[in-house]
1. Once you have the Cα-Cα distance between LYS249 and LEU279, take 0.36 nm times their residue separation minus that, and quote the gain in nm to one decimal.
2. For the chain, what is the charge dipole size about the Cα centre, in debye to the nearest 20, if Lys and Arg each add +1 at the Cβ and Asp and Glu each add -1 at the Cβ?
3. Sort THR397, THR49, THR125, THR310 so the one with the fewest other Cβ atoms within 10 Å of its own Cβ comes first.
4. Only four residue types carry charge here, +1 at the Cβ of Lys and Arg and -1 at the Cβ of Asp and Glu. Report the dipole size of region 42-278 about the Cα centre in Debye, rounded to the nearest 20.
5. What length, rounded to one decimal in nm, is gained on full extension from LEU124 through to ASP352, with 0.36 nm per residue of separation minus their alpha-carbon distance?
6. At what distance in nm do the modelled label points of ASP181 and VAL164 sit from each other, each positioned 7 Å from its Cα along Cα→Cβ?
7. For GLU416 and ASP338, compute 0.36 nm times the residue count separating them, minus their Cα-Cα distance, and round to one decimal in nm.
8. Tell me the label-point distance for the pair GLU54, GLU108, using the 7 Å Cα-to-Cβ offset, in nm and rounded to one decimal.
Amino acid sequence: MYDFLEREDAEVYAAVAGEERREAEGLELIPSENYVSRAVREAMASALTNKYAEGYPGKRYYGGQAFTDAAETLAIERAKKLFGAQFANVQPLGGANANIAMYFALLEPGDTVLGMELSHGGHLTHGHPVTYLTKIFNFVRYGMKNIETGEIDYDEMRRVAKEVKPKIVLAGFSAYPRELDYAKFVEIAREVGALAVMDVAHIAGLIAGGAAKNPFDAGFDILTTTTHKTLRGPRGGMILTRESEELAKKIDKSIFPGLQGGPHMNNIAAKAVAFGEALRPSFTTYAAQVVKNAQAMAEVFAAHGARMITGGTSNHLILLDAQTSFGISGGEAETLLDRAGITLNKNAIPDDPRKPMDPSGIRFGTPALTTRGFGEAESAQVAALMIDVLTKRDGATVAAASKTVRSLADAHPIPESFA
């Protein structure tokens, strides 16, 4: 597959081949990562990478757009069908780009957004002070009432919304293991005259596959998302509008010419391929299995007495307090498990006493394991391996776990097709 690369740039080839080997031999548990099909990879490497296509299908600034228009139209129509939207913009280069474009489309400088607190599971682009967005817009945050159950404090959210009058009530998360009460978000947004927007980046595939509720069904106005993670497409972003053509036009102008130039047409073609894969009946089975596998892992950790934020999971991810559960920081846990061939990420927990670069928690999930064909039994086995490594923390235990990981990886190779 990499004949030309190997011959013409041995150094880059070594990096690419090394990553391919790492993915094949280890187990990927970072919940925001997944494996794409060979068809998606071929679209990414296609001749469409050569083409500028500023504008939108039928309204481009350069000539020679017959095939770019065809690819983007396919991506749009398939995205609309997957999520029950009237409009879709598939040009955002990533999830952060999609959120930024959404803000600039719907807000004026100084306007207020009510979003989830990062330490309670939110995302940097939902208003964390380190982002430039907070220099332009006013972000007010909500969080959980009870971090042991994951219950959001909707009464406090309503009180704050009435006080600050946000233009956007923003749902969504990057490290929250439960399902939100979408009806309450919409109810609060309508009470204060705000738009209801959700960043579904982490659970887009679960929504598309019917394993999680669709916020549009509860009346949300707009969804932003990545196209990788549980959706199992190329790394990129997308913005979906439920029914308002006026909002959709504002979003289109915000993306181009507002924030981005020529779209990456190879990436958009790959999105179209992934959306087509997600429309197959097999994707429904996949999405359901992702949740089952995460819950199987949670049961093993619960039996061990480990502390999981919200007490478990209702989606694809688990946020675990490694400091309380195993007496080590999240950073130490990440390093230990990486040595065993299990890849996950350190992550802050609510009210974390430790610093962000070495927090108390670890975040892991099952999208990539499920793509490889893991079921509940294998997922539980991985959880048990993790507990063994994190409890004993000696070289012999790590070596034994690494051997088991390699065996599991060999028995479940990364598939090239999801047909």
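1. Going from the current span to full extension adds 8.2 nm.
2. Values: 44 positive and 51 negative charges, 112 e Å.
Result for the chain is approximately 540 debye, rounded to the nearest 20.
3. Ascending number of Cβ neighbours within 10 Å: THR49, THR397, THR310, THR125.
4. 380
5. Working: separation 228, 0.36 × 228 = 82.08 nm, distance 1.62 nm.
Gain on stretching LEU124 to ASP352: 80.5 nm.
6. 2.0
7. 25.6 nm
8. Reported label-point gap for GLU54 and GLU108 is 2.9 nm.
No lab work stands behind these numbers, since they all come straight from the coordinates. All figures in this text were calculated on a predicted structure; none of them were measured in a lab. Counting neighbours? That spans all protein chains shown, and the Cβs are built from the backbone with ideal geometry, glycine included.
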